[in-house]
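Undergrad: What follows is a single structure, and I will ask about it in a moment.
No lab work stands behind these numbers, since they all come straight from the coordinates. All figures in this text were calculated on a predicted structure; none of them were measured in a lab. No Cβ is skipped: glycine too gets one built from the backbone with ideal geometry, and neighbour counts run over all protein chains shown.
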Amino acid sequence: MDFGGLGFLRLSQKFEAAGHSSVWITYGDQVARLRGHGCDVEQAGDLNRLRLMPMPHIDDIAKNPAVHDGRVASLRRVMERIAQHRPDMVFIDRLLVGAGLAVAQLDLPYAAMGTPGGYWRFFPDPAQGHLNIHPWPEPVQEYHDLGERLKDELGWQKGRLDSGWLRSPYLNAQFLPTRFYAHVNDPASISIHNHTSPALAPNVRRIGVSFGNQGSTEHLLRLTEALIANIPEGNGVSLFLGNHPDLHAHFHSVSRGKDVELHQWIEFNTVMPGLSSFLFLGGVGTIWHCLQNGVPMIVAPGFIGDQLENARRIAALGLGAHMAEDQPCEDIAAIVQRVTMDADIRNRLAEAREPASFSHTMDSFFELICDLTR
């Protein structure tokens, strides 16, 4: 149960190449995309109700019982769907917190994907629309209370909720270097090396900017405008705007006469080797692509999920810079130049991509899964 990230997709392909069968349960745009990769896909809109973000407080349930009843019904249907397949192992995206209850009720081993495990708690900021998640030192009581209520209403006895991200007692797997989550201590956590040798593009002088598909883009918009107004000499800018027609029209106007390229959806690995630095919201998938291609990062977090946490970790590990909201936008050109020219950052990026920076290879992860299912 996942949205088809690159690491997850390669893992599925590895299982099938070894003679195992796999089925994807997902929803939305990912259905067609995964089928395009030849995957066996089932569409299940019920999964959307298993994303417990933000935390549904007990008081909220009383105010809106229909939403809660829909979540209970979705949990039951998801469990029944999983049971029909009788899987040996279930892989679940970290966001699908409720799914952990369903697989636990079926006594199935499962891996939480995209997370180092541990406990994570949301800190909403309604005034600014922020919805940040950060590590927490202990089980989150609000999730525990919700989990017990759900189990009681479903007549289930097994499993528990204790975190804003799914946490598995069996295995929590992610695709960033081990030290990226060194501050999260979970004995069931592993990091998987999923990198190949990057394509070399020496002396590149283009700055990439991505607006992603979630999170607030207002700060990034202002930074990008300031960058275009003062592009470092000899550099160009490539904007990746996704499905944002208003942004495309805006930047088409403000970039006239400048060395600025506008793109919609594009496979990052096809363009990353031609970039000297990358300004983005802080999504974990983009971090992986920057590591793969040795591209220094500047993060202006969109304040949803782990974007703020990721920005802080990138700065702390010396892999790039964190552009805080209170930092003047006019500083962006100088910061891009500094990050781009910093040889120490590039050395740390190269080290972070090496197999020694991870606990497992894809092969050893495969063996670990085989051991869990014997």
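Undergrad: Using the basic label-point model (7 angstrom from Cα toward the beta carbon), what is the Glu138 to Leu262 distance in nanometres?
TA: In this crude spin-label approximation the distance works out to 5.3 nm.
Undergrad: Right, next: Pull out the extension gain between Glu330 and Arg86, defined as 0.36 nm times the separation in residues minus the alpha carbon to alpha carbon distance; nm, one decimal.
TA: Separation in residues times 0.36 nm, less the Cα-Cα distance, equals 82.2 nm.
Undergrad: With contacts defined as alpha carbon pairs under 8 Å and 6 or more residues apart, what's the relative contact order of the chain in percent?
TA: Across the chain, relative contact order equals 14 percent.
Undergrad: Would you mind calculating the gained length between Asn213 and Leu317 on full extension (0.36 nm times residue separation, minus the Cα-Cα distance), in nm to one decimal?
TA: 34.9 nm
Undergrad: Output the Cα-based Rg and Dmax of the stretch 206-356 in Å, rounding Rg to one decimal and Dmax to a whole number.
TA: Cα radius of gyration and Dmax of the stretch 206-356 are 14.1, 46 Å respectively.
Undergrad: For the chain, what D do you get in µm² per second when you plug the Kirkwood radius from alpha-carbon pairs into Stokes-Einstein at 25 °C and 0.890 mPa s?
TA: 112
Undergrad: So if we plug the beta-carbon distance of Arg77 and Asp145 into 1/(1 + (r/R0)^6) with R0 = 22 Å, what FRET efficiency do we get, rounded to 0.05? It would help to have the intermediate numbers written out before the result.
TA: Values: r = 23 Å, r/R0 = 1.06.
With a Förster radius of 22 Å, E is 0.40.
Undergrad: Per-residue counts of other Cβ atoms within 10 Å, averaged by peptide: what ranking do you get for 240-251, 311-322, highest first?
TA: So the order, starting with the most tightly packed, is 311-322, 240-251.
Undergrad: Okay, moving on. Quote the FRET efficiency, to the nearest 0.05, computed for Asp363 versus Ala249 with a Förster distance R0 of 51 Å and r equal to the Cβ-Cβ distance.
TA: Computed FRET efficiency for Asp363 and Ala249 comes out at 0.60.
Undergrad: Can I ask one more? Along the Cα→Cβ direction, 7 angstrom out, place labels at Arg222 and Ser21. What is the inter-label distance in nm?
TA: Between Arg222 and Ser21, the simple spin-label model gives 5.5 nm.
Undergrad: Same structure again: As a test of the formula, what do you get for the chain when each DSSP H run with n ≥ 4 contributes -39,500 (n - 2.57) and the sum is divided by the residue count, at 222 nm and rounded to the nearest 500 deg cm²/dmol?
TA: Value at 222 nm, helices only: -11500 deg cm²/dmol.
Undergrad: Moving on to the next point. How long is the gain from Gln157 to Arg35 if the chain were fully straight, where each residue apart is worth 0.36 nm and the alpha carbon distance is subtracted?
TA: The span from Gln157 to Arg35 would gain 40.3 nm if fully extended.
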